[in-house]
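Presented below is the structure to which this report refers.
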Amino acid sequence: MKIAVIGAGYVGLVTGSCFADLGNDVVCIDNDTEKIKKLNSGVIPIYEPGLDNLVSINTLEGRLTFTDNIEQGISNSEVIFIAVGTPPKDDGSADLSAIENVAKHIGASLNSYKLIVEKSTVPVRTGEWLRGTIEKYNRNKVEFDVASNPEFLREGSAIQDFINPDRVVIGVNNEKAAQVLLKLYEPLNAPILVTDINSAEIIKHASNAFLSMKISFINAIANVCDLAGADVKKVAKGMGLDNRIGEGFLNAGIGFGGFCFPKDLDALIAISNKLGYDFNLLKEVRNINDKQKLTPIVKLKKLWPSLKDKEIAILGLAFKPNTDDMRLAPAIDIINVLLSEGSKVKAYDPVALENAKKIFRNGAITFSETPYDACLNADALIIVTEWNQFKYLDLLKVKNSMKDNILIDGRNIYDPHKVNKLGFRYFGVGR
Ligand code: UDX
């Protein structure tokens, strides 16, 4: 099929490259001319394992192209995926202005039947609004359909998630649109659920909110474990063995970040409120997460009344491993509080340093080239992101290079007994 993907961000690039790899003709469109120039010269603007390979193979074989010419991209395509950003507004609701702008271009460029598919995460009823907006600019009254096909891919394993999804959700309001998307996804052999557009839109928000709720729930249990002297890892294992609960997303830690969970939670709260339902449960999920991010500071303050001039090593800056994404990363909140308390921060991350440098400018913190450099002379070490390489550090070397021996394991990656034996004072989350 001839496909246009509008928006060459995480979602758009992965979706476009994967559809090209399945044998479709894909054009990725973005109004960021610099980004398109980079992509055309083989530079991938984001870090996503496997994406560079996928882009270069499919570009070489002529199935994947990049352009900033939206009209041309649209008129040559049969299916158009909208994958532009829907960032939060001040009140938490989703800002749909990028989608609106795209919708105008689509309406004005329609030259034959096209299926317009929402890939971006949007509030329920956006499909209806999108149809109306495109229609307004569709002067030649060309036939088109709108569909919702939410993406569930995770950063860091986005390509695997695309190729091997738990399910594909297709929200449509007629059989013709359903058939186009069913054919497109046929090669994946994945379970496909066809629904109406409103339900598909809610499936995406509800899934992310539910997963956020699982994380906040286990973090709340972790706080109880801390007080009771229990081990949250064992508690999560025991809960997860119940099929009705499931093992996934029960890793206690210092909270969730990234651009999806926090933003989608707020957007669902906002749209529910607009529709007349006060979603207090989700407000509490958010409150628990906000507090959880700062638990390393609470632990340090119990040890030292003042954090002034303490040297703190931070290992891991990205919001999770295998990504360079710093958006709403717990590391930002933790470092900002440490700085406001007068601490000195040295930080290391395997791939997010460049993005972190854009946030902490003018020498606000020291960026280290290795995890060992970050820990040198530190009073305390905080594990913020559970990169695999931190699991295999020479912890004795780390301990011997530190001034004091505090280890705050924000992701429960170490065995408390082993690290205490090395001479650390270990503080995990809920154990
Ligand atoms: C998420 C959804 O998983 C994905 O389906 C959706 O399309 C986009 O949002 P992503 O944000 O890439 O994906 O990351 P994910 O792996 O889901 O983790 C989100 C956050 O939750 C991370 O900060 C992670 O550290 C945290 N997390 C996850 C926990 O704290 N505990 C867990 O058990 C799982």
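The values are calculated or read from the model by the stated rules, or taken from the named source; none is laboratory data. Just so it is clear, the model here is predicted, and its values are computed rather than measured. All Cβ positions, glycine included, derive from the backbone under ideal geometry; neighbour counts span all protein chains shown. The area values use the complete protein model at the heavy-atom level, side chains included, leaving out ligands, DNA and RNA. Shrake-Rupley method; radii C 1.70, N 1.55, O 1.52, S 1.80 Å.
Annotation for segment 346-402 versus segment 99-171: alpha-carbon center distance of 41 Å. Between Ala108 and Val351, the distance separating the two model label sites (each 7 Å from Cα on the Cα→Cβ line) works out to 3.8 nm. Surface composition of the chain: carbon and sulfur atoms hold 52% of the protein heavy-atom accessible area at a 1.4 Å probe. Distance between the 7 Å Cα→Cβ label points at Glu78 and Val142: 1.5 nm.
For segment 289-332, the relative contact order comes to 25 percent (Cα pairs under 8 Å, sequence separation of at least 6).
Once you sort the root eigenvalues of the Cα gyration tensor of segment 2-195 as a ≥ b ≥ c, which label holds: rounded (a/c under 1.5), prolate (a/b larger than b/c) or oblate (the other case)?
Values: a/c = 1.32, a/b = 1.21, b/c = 1.09.
Cα axes put segment 2-195 in the rounded bin.
Solvent exposure of segment 68-144, expressed per residue, is 44 Å² of accessible area, with all protein chains present and a 1.4 angstrom probe.
Each residue of segment 47-56 is assigned a 3J(HN,Hα), and the resulting list reads 9, 8, x, x, 5, 4, 4, 4, 5, 5 Hz, derived from the Karplus form 6.51 cos²θ - 1.76 cosθ + 1.60 (θ = phi - 60°), x at Gly and Pro. Across Ser148, Ser97, Ser216, mean-square fluctuation computed from a Gaussian network of the chain (C-alpha pairs under 10 Å connected) peaks at Ser97.
Under 13 Å from a point placed 7 Å out from the Cα of Glu61 along the Cα-to-Cβ direction: which residues of segment 1-42 have their backbone N that close? Zone members listed by number: 17-26.
Each residue of segment 76-88 is assigned a 3J(HN,Hα), and the resulting list reads 8, 10, 9, 10, 10, 8, 9, 10, 7, x, 10, x, x Hz, derived from the Karplus form 6.51 cos²θ - 1.76 cosθ + 1.60 (θ = phi - 60°), x at Gly and Pro. Spatial offset of segment 236-250 relative to segment 287-302 amounts to 25 Å, using the alpha carbon center of each. Restricting segment 40-136 to trypsin sites (Lys or Arg not before Pro) that sit in a DSSP loop and have at most 15 other Cβ atoms within 10 Å of their own Cβ leaves Lys89, Arg125. Averaged over its residues, segment 293-427 has an accessible area of 44 Å² per residue, based on protein heavy atoms and a 1.4 Å probe.
Solvent-accessible area of His417, all protein chains in place: 150 Å² (probe radius 1.4 Å, heavy atoms, ligands and nucleic acids excluded).
Can you work out the FRET efficiency for the pair Lys399 and Asp309, with r the C-beta to C-beta distance and R0 = 22 Å, to the nearest 0.05? With R0 = 22 Å, the Cβ-Cβ based efficiency is 0.55. Computed over the chain with a Gaussian network model linking Cα atoms closer than 10 Å, the most mobile of Ala108, Ala200, Ala228 is Ala228. To the nearest ten degrees, helix 197-228 and the longest principal axis of the Cα atoms of the chain are 10 degrees apart.
Dipole magnitude for segment 292-356: about 380 debye, using +1 per Lys or Arg Cβ and -1 per Asp or Glu Cβ, origin at the Cα centre.
Assuming R0 = 35 Å, can you tell me the calculated FRET efficiency for the pair Lys37 and Glu128, based on Cβ-Cβ distance, to the nearest 0.05? It comes out at approximately 0.45. For the chain, a simple Cβ point-charge model (Lys and Arg +1, Asp and Glu -1, everything else neutral) yields a dipole of about 1220 debye relative to the Cα centre. Amide H to amide H distances under 5 Å link Lys344 with Asp309, Lys310, Glu311, Ile312, where only residues 5 or more positions off or on other chains count and H is placed in the peptide plane. Backbone geometry of segment 405-413 corresponds, through the Karplus equation with coefficients 6.51, -1.76 and 1.60 at θ = phi - 60°, to 3J(HN,Hα) couplings of 10, 8, 10, 9, 9, x, 10, 6, 8 Hz, x marking Gly and Pro. Put a plus charge on the Cβ of each Lys and Arg, a minus charge on the Cβ of each Asp and Glu, and nothing anywhere else: the dipole of segment 31-135 about its Cα centre is then about 180 debye.
Assign one of three labels to segment 218-336, namely rounded, prolate or oblate, based on the Cα gyration tensor with a ≥ b ≥ c the square roots of its eigenvalues; rounded applies when a/c is under 1.5, prolate when it is not and a/b is larger than b/c, and oblate otherwise. The shape class here is oblate.
For n ≥ 4 DSSP H runs only, could you compute -39500 (n - 2.57) per run for the chain, divide by its residues and tell me the 222 nm figure to the nearest 500? So the calculated ellipticity at 222 nm is -13500 deg cm²/dmol.
Placing a pseudo-label 7 Å from each Cα along the Cα-to-Cβ vector at Lys274 and Leu182 gives an inter-label distance of 3.2 nm. In the chain, Cα pairs under 8 Å separated by at least six residues give a relative contact order of 12 percent.
DSSP beta bridges confined to the chain are antiparallel in about 5 percent of cases.
On a per residue basis, the convex hull of the C-alpha atoms belonging to the chain measures out at 152 Å³.
Peptide packing for 365-376, 188-199 was compared via the average number of neighbouring C-beta atoms within 10 Å per residue; ordered from the highest value, the list is 365-376, 188-199.
Taking 0.36 nm per residue of separation and subtracting the current Cα-Cα distance, fully stretching the chain between Thr366 and Ala206 would add 53.6 nm. Within segment 327-341, name every residue whose backbone N is under 19 Å away from a label modeled 7 Å from Cα of Asn377 along the Cβ vector. 339, by backbone N distance to the label point. Straightening the chain between Lys301 and Asp196 buys 32.6 nm, computed as 0.36 nm per residue apart minus the Cα-Cα spacing.
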